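The values are calculated or read from the model by the stated rules, or taken from the named source; none is laboratory data. Because the structure is a prediction, the values reported are computed rather than measured. Reconstructed Cβ throughout: ideal geometry from the backbone, glycine too, with neighbour counts over all protein chains shown.
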Amino acid sequence: MKLEGISALITGGGSGLGEATARALAEAGVKVVILDRDADRAKKVADEIGGAASPGDVTDPASVQAAIDAAKALGPLRIAVNCAGIGVGEKTVGRENVPHDLDSFRKVIEVNLIGSFNVMRLAAAAMAETESVDGERGVIVNTASVAAFDGQIGQVAYSASKGGLVGLTLPAARDLASLHIRVVTIAPGIFDTPLLGSLPDNVRDALGKMVPHPARLGQPHEYGALVRHIAENAYLNGEVIRLDGAIRMQPR
């Protein structure tokens, strides 16, 4: 796919992996719209890359459609990247025999899985209206996690949501094949995002040493670079790519 002059929608683009992706695509000539609940961060990043901010929630169809319309105003929408997500740490049955809170489980599924699908279905419908160029109309990139395969203690909600994204990748790609729209999922390992930035240096160093090679935390720009490659490589479709330095997570 030729990136110059097209538009992209990136959820969670105000920080972390989403921000790095927004910057990587903007550098390639893509007009980027950032959908993020943090309006200030979204605007800051959008202003710096010459894009646009569209504050909102991925679970809200109206918010997503507004962001899609904003992207279409900048150029044909051909890329959608789902980076928005949340997590909780809670065991199926915790201390004193307390079961996992059902509302917190439901919330993680709602944001990570249903929210991503909400973006996917609406973005794909918009892409279907564009002209097919060199046999392509667009690509949708979802963000899963190595937790989809190696979920740790206390990650039942998070792992279930990310496992759902892994599971829908191939059937979604098959659904959208006739429309010339690809679907690819990235499953990142341990990345140096704002969430980990709040941890002490010794804890961050220990996490990095868990990675076989390179023995460090992943850098968000490495995620952004992979998104760009996926967009440009027309033969990548229906696949889940682990971006994790060969790590396999232990139970805890």
So the check is Cβ under 7 Å with 6+ separation or different chains; which pairs have a first residue in the stretch 210-222 that's assigned to a helix (DSSP H, G or I) and a second one that's of a type in the set (Ser, Thr, Tyr) and modelled with pLDDT under 95? Pro220/Thr193
When residues of the stretch 61-72 are limited to those that are out of contact with any Gly (no Cβ under 8 Å at 6 or more places or on another chain) and touching a residue at least 12 places away in the same chain (Cβ under 8 Å), the one nearest to Arg106 (Cα to Cα): Pro61
Residue list for the stretch 83-110, filter: out of contact with any Phe, Trp or Tyr (no Cβ under 9 Å at 6 or more places or on another chain) and charged (D, E, K, R): Lys91, Arg95, Glu96, Asp101, Asp103, Arg106, Lys107, Glu110
Just one of (1) more than 16 Å from the chain's Cα centre (by Cα); (2) touching a residue at least 40 places away in the same chain (Cβ under 8 Å) trips up Gly16, so point out which. (1)
Condition set of a type in the set (D, E, K, R) and in a loop (DSSP other than H, G, I, E, B), scope the stretch 46-98, selection nearest to the chain's Cα centre (by Cα): answer is Asp57
Across the stretch 183-209, what is the total count of residues that are assigned to a helix (DSSP H, G or I), hydrophobic (A, V, I, L, M, F, W, C) and either in contact (Cβ under 8 Å) with a residue 40 or more places away in the chain or within 29 Å of Ala124 (Cα to Cα) (or both)? 1
Report yes if Ser132 is farther than 25 Å from Ala187 by Cα and surrounded by fewer than 17 Cβ atoms within 10 Å (Cβ to Cβ), otherwise no. yes
Residue check, Glu19 closer than 24 Å to Arg182 by Cβ and modelled with pLDDT of 95 or more: yes
Out of contact with any strand residue (DSSP E or B) (no Cβ under 7 Å at 6 or more places or on another chain), part of a helix (DSSP H, G or I), among the charged types (D, E, K, R) and buried (at least 17 other Cβ atoms within 10 Å of the Cβ): is that true of Arg228 in this structure? yes
